[in-house]
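I have placed the structure first, in the form of structure tokens, so that the comments after it can refer back to it.
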Amino acid sequence: GGIGAAATSAAWTDNVFFSSTAQAATFDLQGSLNGTSWVQSDNANSIQLVVPAATFANLLPGQTRTVTLYVENTGTANSSLVASAAWATGSTFTTNPTISVTPASTTLAAATGGTPTTTTVTLTVTAPSDWASVNQGKSGNVIVTVAGTATA
């Protein structure tokens, strides 16, 4: 009986299949001087975001001035941001004013529903209180870099 039963038994099988699309995130930071007009300005040799010269013109000893810079994330990935400032080659000051950017690091969430997220960075320039008179009429260019890294 066992042989007949084996020959007539049917093997039942069943499958379940799943499919999913995988897509890479987008990552795009832009900058602005006014918080409304945004540009890439992602080439250090061709900077498109230039703070008006009047912002830091005619500095006096001990004087501090600031400017607000805007960063926008239009991508679908969160961003870890690190801001830094440095004097470009060619400064004619004998003593450069102190420069800083705050915050030096922050996070910027991904755009939501197609709406970019924004944050600000403040550039501060401070002339030394004992700034020597040989600095009169001298100048230099400050380069602010906001480096972003995509994060989950």
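Scan the stretch 103-113 and tell me whether some residue there is at pLDDT below 95, farther than 19 Å from ASP130 by Cβ and either open to solvent by 50 Å² or more (accessible area, probe 1.4 Å) or in contact with a Gly (Cβ under 6 Å, 6 or more places away or on another chain) (or both). Yes. Picking from residues in the stretch 35-52 that are closer than 14 Å to LEU123 by Cα and over 14 Å from the mean Cα position of the chain (by Cα), the one that is least open to solvent (accessible area, probe 1.4 Å) is VAL51. Between a residue in the stretch 30-56 that is under 17 Å from VAL142 (Cβ atoms) and any residue that is among the small types (Gly, Ala, Ser) and open to solvent by 80 Å² or more (accessible area, probe 1.4 Å), which pairs come within a Cβ distance under 6 Å, given they are 6 or more apart or on different chains? Going by the 6 Å Cβ cut-off, there are no qualifying pairs.
Among the residues of the stretch 10-46, just one is acidic (Asp, Glu) and more than 22 Å from THR119 (Cβ to Cβ), namely ASP14.
The number of residues in the stretch 122-144 being assigned to a helix (DSSP H, G or I) and touching a residue at least 24 places away in the same chain (Cβ under 8 Å) comes to 2. Looking across the stretch 60-69, the residues that are under 23 Å from LEU33 (Cβ atoms) and either open to solvent by 60 Å² or more (accessible area, probe 1.4 Å) or in contact with a strand residue (DSSP E or B) (Cβ under 6 Å, 6 or more places away or on another chain) (or both) come down to THR64, ARG65, THR66, VAL67, THR68, LEU69. When the residues of the stretch 70-102 are filtered to those that are under 11 Å from the mean Cα position of the chain (by Cα) and open to solvent by less than 30 Å² (accessible area, probe 1.4 Å), which remaining residue is nearest to LYS138 (Cα to Cα)? Among those that are under 11 Å from the mean Cα position of the chain (by Cα) and open to solvent by less than 30 Å² (accessible area, probe 1.4 Å), it is ALA83.
Assess whether THR76 counts as being within 20 Å of GLY31 (Cα to Cα), modelled with pLDDT of 95 or more and of a type in the set (Val, Ile, Thr). So THR76 fits the description; yes.
The values are calculated or read from the model by the stated rules, or taken from the named source; none is laboratory data. Only a predicted model underlies this, so the values are computations on that prediction, with no experimental measurement involved. Cβ coordinates were reconstructed from backbone atoms using ideal geometry, including for glycine residues, and neighbour counts include every protein chain displayed. Areas reflect the complete protein model, heavy atoms only, side chains present, ligands, DNA and RNA absent. Shrake-Rupley method; radii C 1.70, N 1.55, O 1.52, S 1.80 Å.
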